[in-house]
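> One structure coming up, written as structure tokens, with questions to follow.
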Amino acid sequence: MTARIIDGKALAAELRNRVAAEVIRIKRDHELTPGLAVVLVGNDPASELYVRSKHRQTQDAGMASFEHRLPADVAQDDLLALIAQLNRDPAVHGILVQLPLPKALNTEVVINAIDPAKDVDGLHPHNAGRLAAGFAALSPCTPLGCIILSKTVHASLEGMNALVIGRSNLVGRPLLQLLLNENATVTIAHSRSRDLPNLCRQADLVYAAVGKPEMVRGDWIKPGATVIDVGINRIPADGGKTRLVGDVAFKEAAEVAGAITPVPGGVGPMTVVCLLVNTLRAACAIAGLPRPAV
Ligand code: NDP
């Protein structure tokens with residue numbers, strides 16, 4: 001193996017410590033405790049796991065954590081009423097509605113109901129539009145994490161050829177905008193793109209956010225490239241068990257790449273910490289304080 005393994009877990013722990021130190025400072029200097037409200041509708045086991053982890057990490061960082069659990073058959077108006085209440089609550093600076101929502105609820109209407117100043121998932125069209133226009137915005141956590149991880153390898157991404165595979169509102173599209181802000185030259189690929197292996201071979205930076213296990217092969221990677229694997233796929237393993245793999249064939253790609261994130265332990269841990277970063281930023285912005293130094 002030649003690639004440097006980007007240790008997302010260790011880097012996330014460092015960033016979490018910096019956030020916690022900043023929270024102590026603003027509590028002391030401004031009597032402000034950043035607060036994150038997480039809304040979970042139904043009891044999908046994967047969502048339960050994410051929500052528990054967010055709750056624990058928010059508290060560990062010294063912030064206030066508010067959990068709201070609603071039954072899967074909650075009326076949309078009741079969910080909207082809860083969001084309106086959280087929008088008004090001065091102790092809440094970040095609101096996250098855990099996705100996916102049950103099918104009977106309209107995700108777009110629910111996201112649009114969140115105050116953009118508290119939209120720490122960065123999914124409200126106000127924030128997506130500001131990000132696309134190059135203005136300061138709350139951006140989605142996973143793409144933010146991808147940029148932070150890339151910058152542990154390259155001090156600057158300026159002029160680099162970046163390929164983003166996937167164009168979802170959650171990952172691919174905002175990542176494209178963040179990379180542009182970093183002055184990278186960005187190509188975005190999707191299911192209709194032609195000759196993906198060849199597009200990939202041109203890229204100094206590869207971001208795979210597809211949801212297809214080990215789709216990106218080793219011989220697609222330009223020697224020395226940095227590979228950030230966003231994918232989380234559960235596949236069958238020996239003994240009737242399952243295991244997690246990314247969208248990149250890790251072993252093959254690590255023979256060619258200069259640096260690569262593992263799955264698990266790469267993008268995932270950084271995503272949760274970026275939620276804390278966004279909550280801290282939202283709290284400071286709402287209180288009229290300067291942007292925190294994290
Ligand atoms: P979506 O399903 O919303 O988007 C997938 C994208 O991949 C689409 O744009 C789709 O193209 C594209 N795609 C599908 N098949 C191909 C193909 N054969 N070649 C090229 N592009 C293709 O997924 P998300 O963006 O929400 O998530 C992507 C992955 O990242 C998933 O594995 C998810 O679990 C993981 N994830 C991980 C997070 C983390 O914290 N680590 C957070 C969020 C997601 P088209 O638009 O044409 O359909």
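The values are calculated or read from the model by the stated rules, or taken from the named source; none is laboratory data. These numbers come from a predicted model, not from an experiment. When we count neighbours, we look across all protein chains shown, and the Cβ atoms used for this are built from the backbone with ideal geometry, even at glycine. SASA here: full protein model, heavy atoms, side chains in, ligands and nucleic acids out. Shrake-Rupley method; radii C 1.70, N 1.55, O 1.52, S 1.80 Å.
> Is there a residue being touching a helix residue (DSSP H, G or I) at 6+ places or on another chain (Cβ under 8 Å) and within 24 Å of SER139 (Cα to Cα) anywhere in segment 212-225?
Quick first cut of segment 212-225, residues touching a helix residue (DSSP H, G or I) at 6+ places or on another chain (Cβ under 8 Å) only: 214, 216-222.
Now restrict to residues that are within 24 Å of SER139 (Cα to Cα): none.
No, there is no match, as no residue in segment 212-225 is touching a helix residue (DSSP H, G or I) at 6+ places or on another chain (Cβ under 8 Å) and within 24 Å of SER139 (Cα to Cα).
> Please enumerate the residues belonging to segment 198-212 that are part of a strand (DSSP E or B) and away from the ligand (no atom under 13 Å from the Cβ). It would help to see each step written out before you state the result.
Start the filter on segment 198-212 by keeping residues that are part of a strand (DSSP E or B), which leaves 205-208.
Selection gives LEU205 alone.
> Still on this structure, I have one more. What pairs come out if I take residues in segment 85-106 that are without any contact (Cβ under 8 Å) to a residue 12 or more places away in the chain and at positive phi and pair them with residues that are of a type outside the set (Val, Ile, Thr) and surrounded by 16 or more Cβ atoms within 10 Å (Cβ to Cβ) whose C-beta lies under 6 Å away, six or more apart or interchain?
none
> Any residue at all in segment 167-178 that is part of a loop (DSSP other than H, G, I, E, B), among the β-branched types (Val, Ile, Thr) and either out of contact with any His (no Cβ under 6 Å at 6 or more places or on another chain) or more than 14 Å from the ligand (Cβ to nearest atom) (or both)?
yes
> Out of all the residues in segment 153-166, which are in contact (Cβ under 8 Å) with a residue 60 or more places away in the chain, near the ligand (Cβ under 10 Å from one of its atoms) and aliphatic (A, V, I, L, M)?
Filtering segment 153-166 down to residues in contact (Cβ under 8 Å) with a residue 60 or more places away in the chain leaves 153-154, 165-166.
Right, trim to near the ligand (Cβ under 10 Å from one of its atoms) and you get 165-166.
Result: ILE165, single match.
> Here's a follow-up. Do we find that PRO262 is open to solvent by 20 Å² or more (accessible area, probe 1.4 Å) and under 26 Å from ASP204 (Cα atoms) in this structure?
Yes.
> Being surrounded by fewer than 14 Cβ atoms within 10 Å (Cβ to Cβ) and either closer than 17 Å to SER168 by Cβ or within 18 Å of the chain's Cα centre (by Cα) (or both) is the filter here; which residues of segment 94-106 pass it?
Selection gives PRO100 alone.
> Restricting to segment 119-136, what's the tally of residues that are crowded, with 20+ Cβ neighbours inside 10 Å and touching a helix residue (DSSP H, G or I) at 6+ places or on another chain (Cβ under 6 Å)? Let's see the steps before the verdict.
Within segment 119-136, the subset crowded, with 20+ Cβ neighbours inside 10 Å is 119-124, 127-128, 131.
With touching a helix residue (DSSP H, G or I) at 6+ places or on another chain (Cβ under 6 Å) added as a condition, the list becomes 119-120, 123-124, 127, 131.
Qualifying residue count, segment 119-136: 6.
> Right, here's the next one. Looking at segment 167-186, I want the residues that are in contact (Cβ under 8 Å) with a residue 24 or more places away in the chain and have a partner that is of a type in the set (Val, Ile, Thr) and open to solvent by less than 50 Å² (accessible area, probe 1.4 Å) with Cβ atoms under 6 Å, at least 6 apart or on another chain. Which pairs are those?
Matching pairs, first to second residue: VAL171/THR142; VAL171/VAL230; GLY172/VAL164; LEU175/VAL164; LEU178/ILE147; LEU179/VAL186; LEU180/VAL186.
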